[in-house]
Amino acid sequence: MIEAFETRRFEEVSSTQDVARELLSAGLSSLPVAVIAKAQTKGRGRYDRTWHSPEGGLYMTMVMKPQRPQDVWSQISYITGISMAEAILQLDPSVGVKLKWVNDIIIQSKKAGGILLELDNNHLLVGVGINLKRSDALSQYNGVALNEVASGVDAERLSASFLKRFVYNYNIWVSSGFEPIRSLWLRMAQGVGKGVVVRFKDSEENGTFIGVDETGQLQLLQDDNNIKLISAGELYFGS
Ligand code: BTN
């Protein structure tokens, strides 16, 4: 169980993931720690993409050593997604937030934020980025900024609210396992029952996205009626 995150705040950094690594290698006396920056010059997303990080957005890396075996640490993506959706709804209940498997926060069918999990020296770095202000970069990937659709949301309030929800949901996971998290996540999931393409580095799979299993793998129903389990890949919805 954890009680709260110690926060370390910065004006501008290369990437909060890098700062988290530096803090870890210098030795952190207590965990968990949340590294929060107002802007990033080298923010990164999954698949080595750039994460455009102008001032005003939320850029955070949580440094932690989860109290469950390392083979289930990827389930923390689900905890992070749920907690961010709950935090956004707490600040503006009128926003329709959805979660796209497994790392995207979606508003009005557009990407409002993403999650990046990295391992460093047996610790987990959970990066979360949320677009708050409109910028040209968002049109490059069908992105949306929270302030285009919500009122009164700023990075400070959002991060505080998010961290509280994260602690709460994380503790449920530690005490009761993945099942309650899975069912919360499925209630907010985008596109369950829809036809999808899951893309990997050099290949792809087609099928119907029917849910996630008890370990967190995506369940893809294929034409031959087999259910393929997928642990990583990018999901695209058919038109
Ligand atoms: C993605 O959708 O590809 C994940 C984006 C993750 C961005 C966050 S912002 C805070 C942290 N620092 C980074 O450089 N990346 C993550």
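Rule-based calculations on the coordinates, nothing more; no lab input. All values reported here derive from a predicted model rather than from experimental measurement. Note: ideal-geometry Cβ built from the backbone for every residue, glycine included; neighbour counts use all protein chains shown.
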Worksheet item: Using alpha carbon centroids, what distance separates the range 50-70 and the range 107-159, in Å?
Response: 10 Å
Discussion item. Percent of Cα-Cα pairs more than 19 Å apart in the range 124-223, please.
Written reply: 63 percent
Worksheet item: If the limit is 23 Å between Cα atoms, which of Lys100/Lys201; Lys110/Lys164; Lys201/Lys228; Lys42/Lys164; Lys100/Lys194; Lys111/Lys201 go over it?
Response: Lys110/Lys164; Lys42/Lys164
Worksheet entry | Three-way shape call for the range 184-239 based on the alpha-carbon gyration tensor, with the a/c threshold at 1.5 | rounded
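Apply the a/c threshold of 1.5 to the C-alpha gyration tensor of the range 55-121 and tell me whether it is rounded, prolate or oblate.
Numbers: a/c = 2.11, a/b = 1.83, b/c = 1.16.
Judged from the Cα gyration tensor, the range 55-121 comes out prolate (a/c at least 1.5, a/b above b/c).
Tally Lys/Arg at +1 and Asp/Glu at -1 over every other residue whose Cβ is under 12 Å from the Cβ of Tyr236; what's the total? Display every interim value, and only then the final one.
Working: positive: Lys100, Lys194, Arg199; negative: Asp104, Glu204, Glu205, Glu234.
With Lys, Arg at +1 and Asp, Glu at -1, the neighbours total -1.
Summing -39500 (n - 2.57) over the DSSP H runs of n ≥ 4 in the chain and dividing by its residue number, what mean residue ellipticity at 222 nm do you reach, to the nearest 500 deg cm²/dmol? Mind dumping the intermediate values first?
Working: 5 runs with 63 residues, N = 239.
Taking each H run of at least 4 residues, the total per residue is -8500 deg cm²/dmol.
Over all directions, what mean area does the Cα convex hull of the chain project, stated in square nanometres?
Working: hull surface 51.0 nm².
So the Cα hull casts an average projection of 12.8 nm².
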Worksheet, complete the sentence: Ranked by GNM mean-square fluctuation in the chain (Cα springs under 10 Å), the top entry among Asn226, Asn206, Asn171 is Asn226
Response to the item:
A correct fewest-to-most ranking of Thr208, Thr7, Thr16, Thr41 by other Cβ atoms within 10 Å would be Thr41, Thr7, Thr208, Thr16
